[in-house]
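Undergrad: Right, I'll just put the structure down here and ask away after.
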Amino acid sequence: MKFKALTAAVAIVALPVTVLADPDDDKLIINGEIEMISVTKAPEHVENLDTIYSGWHFRTDETQALQIDDFDNPAMIFVDQAADIYETVDGAAGKSCASCHDAVESFAGLHAQMPKVDPETGKLVVMEDLINECRTERMEADAWKWSGADMQGMVALIGLQSRGMPMNVAIDGPAAPYWEQGKEMYYTRYGQLELSCANCHEENYGNMIRADHLSQGMINGFPTYRLKQAKLISRHNRFRGCIRDTRAETFAEGSDEFRALELYVASRGNGLSVETPAVRQ
Amino acid sequence: MTNALKLGLAGMLCASAAMAGEIKPKDVSFSDGAIEQSLTGAPGDPEKGAMIVGDKSMGNCVACHQVSALADVPFQGEVGPPLDGAGDRWTEAELRGLVANAKMTFEGTVMPAFYKVDGFIRPGDAYTGKAPSGPIEPILSAQDVEDVVAFLMTLKEE
């Protein structure tokens with residue numbers, strides 16, 4: 001075996017590469033006033049990281065700039081649309097969200113704790129589940145498509161009410177088995193390329209993979225606005241894409257597997273500010 | 001379309017039509033990570049190999065490795081070490097083993113196995129995200145592997 005040769009090879013590149021490689025030191029302050037925790041000590045249950053970083057630190061200055069002022073943030077159009085929908089009657093029951101709920105600000109803090117276990121059913125639920133439950137059971141309206149603009153706009157609007165608050169999902173008690181399942185998935189090397197989330201986002205964050213600067217794969221910014229797709233992207237859509245890119249058979253958006261993975265990935269970001277709607281390349 | 005690219009596409013189409021006398025992925029024997037015997041018996045073409053190393057839809061080795069000899073290929077990654085000088089560091093047999101299944105040399109490595117067809121968890125139908133519709137083909141054909149090895153052998157430090 002040639003481990004020595006390899007170390008030598010690594011040493012040669014170490015110099016030119018480090019400049020690009022690290023997450024940058026910029027500070028994320030939104031609208032000149034909301035100071036975001038975008039770098040912090042890793043929670044204890046994240047064994048292989050000392051420090052956790054928002055994906056914002058791995059983006060170019062141009063992309064970063066779009067997120068620091070809501071007037072420049074292209075996602076805000078979708079959030080504004082969701083605010084209108086919040087007041088709009090839909091479904092056979094003749095109700096809008098606002099018919100039953102106080103102003104959307106009343107959801108402050110909810111996003112930071114999602115996903116969570118429904119105490120009645122014992123099932124793990126994510127924000128999309130809570131919203132669709134109201135739509136189908138309480139409004140007698142059609143369920144929204146998981147990654148559709150209506151749904152992700154509403155998820156972002158509700159999430160925005162918690163912007164700046166540190167993520168703090170529960171991983172113990174009834175959440176524990178789901179968290180274990182998600183963790184197992186995170187370290188599973190899927191597909192013909194045999195790559196786990198950890199291979200890219202834990203072992204190689206800061207490195208370039210082809211044209212992409214690898215982040216820690218955090219979800220505190222989701223739904224995020226992707227410039228490439230010009231729309232809000234759901235967490236499950238991102239997971240699906242990352243697994244597909246390992247030449248694997250992926251899981252479905254809204255599957256129990258992705259709910260569990262979402263809980264685990266969210267918990268890796270416990271302590272980072274809720275950032276939605278973040279802007280990514 | 002450039003000639004090099006046409007050749008490459010032709011090569012890709014052959015990937016499934018196994019040639020006679022070729023060693024199949026399941027029959028490859030490794031010794032200490034290396035594969036002594038050529039997978040095809042035919043010599044590798046380093047120019048084709050260079051194309052495979054740089055091409056996104058084939059080896060895509062530059063997704064993870066920098067290769068100075070392929071300076072015209074944009075966006076070279078840094079997940080793995082630069083391949084410059086690989087031809088000095090390794091023998092041909094070792095390089096063949098590395099390309100076919102680097103996990104036989106570096107246990108648990110991030111580097112994918114390019115000439116392997118089983119032992120995967122939820123393998124898909126290429127990059128569609130769907131389940132495979134037939135038997136899984138290796139990412140590179142036997143001749144592709146030989147071409148890549150021939151190219152790697154040309155990477156010597158000046």
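The values are calculated or read from the model by the stated rules, or taken from the named source; none is laboratory data. Bear in mind that the values here come from a model prediction, so they are computed numbers and not experimental data. With ideal geometry, Cβ positions are generated from the backbone for all residues, glycine too; neighbour counts draw on all protein chains shown. Quick note on the areas: whole protein, heavy atoms, side chains included, nothing else; ligands and nucleic acids left out. Shrake-Rupley method; radii C 1.70, N 1.55, O 1.52, S 1.80 Å.
Undergrad: Can you name the helices (runs of 4 or more DSSP H) wholly within the stretch B:72-158 that have at least 3 residues being hydrophobic (A, V, I, L, M, F, W, C), more than 8 Å from every other protein chain (Cβ to nearest Cβ) and in contact with a Phe, Trp or Tyr (Cβ under 9 Å, 6 or more places away or on another chain)?
TA: Helices (runs of 4 or more DSSP H) meeting the threshold: B:92-101, B:142-153.
Undergrad: Hey, another quick one. Tell me the residue from A:GLY122, A:GLY164 that is at pLDDT 95 or above and closer than 18 Å to A:GLU257 by Cβ, please.
TA: Testing whether each residue is at pLDDT 95 or above and closer than 18 Å to A:GLU257 by Cβ leaves just A:GLY122.
Undergrad: Restricting the search to the stretch A:244-281, which residues are within 28 Å of A:ASN73 (Cβ to Cβ) and among the aliphatic types (A, V, I, L, M)?
TA: Once the filter is applied, which keeps residues that are within 28 Å of A:ASN73 (Cβ to Cβ) and among the aliphatic types (A, V, I, L, M), the stretch A:244-281 yields A:LEU261, A:LEU263, A:VAL265, A:ALA266, A:LEU272, A:VAL274, A:ALA278, A:VAL279.
Undergrad: Can you tell which of A:GLU133, A:GLU140 is in a loop (DSSP other than H, G, I, E, B) and open to solvent by 40 Å² or more (accessible area, probe 1.4 Å)? Even if it seems obvious, please write down each step before you answer.
TA: On the way: A:GLU133 fails: in a loop (DSSP other than H, G, I, E, B).
It is A:GLU140.
Undergrad: Output the residues belonging to the stretch B:75-91 that are in contact (Cβ under 8 Å) with a residue 40 or more places away in the chain and of a type in the set (D, E, K, R). Quick ask: steps written out before the conclusion?
TA: Taking the stretch B:75-91 as the starting set, the residues that turn out to be in contact (Cβ under 8 Å) with a residue 40 or more places away in the chain are B:83-88, B:90-91.
Selection gives B:ASP84, B:ASP88.
Undergrad: From the residues in the stretch A:247-278 that are on the phi < 0 side of the Ramachandran plot, within 13 Å of chain B (Cβ to nearest Cβ) and over 14 Å from the mean Cα position of the chain (by Cα), which one is surrounded by the most Cβ atoms within 10 Å (Cβ to Cβ)?
TA: It comes out as A:ALA248.
Undergrad: While we're looking at this one, here's another question. Mind telling me which of the residues B:ILE52, B:ILE121 ends up being crowded, with 20+ Cβ neighbours inside 10 Å and modelled with pLDDT of 95 or more? Can you show your working first?
TA: Working: B:ILE121 fails: crowded, with 20+ Cβ neighbours inside 10 Å.
None of the others qualify; the one that does is B:ILE52.
Undergrad: For B:GLU107, which of the numbered conditions (1) over 17 Å from the mean Cα position of the chain (by Cα); (2) open to solvent by less than 40 Å² (accessible area, probe 1.4 Å) fails to hold?
TA: Against the list (1) over 17 Å from the mean Cα position of the chain (by Cα); (2) open to solvent by less than 40 Å² (accessible area, probe 1.4 Å), B:GLU107 comes up short only on (2).
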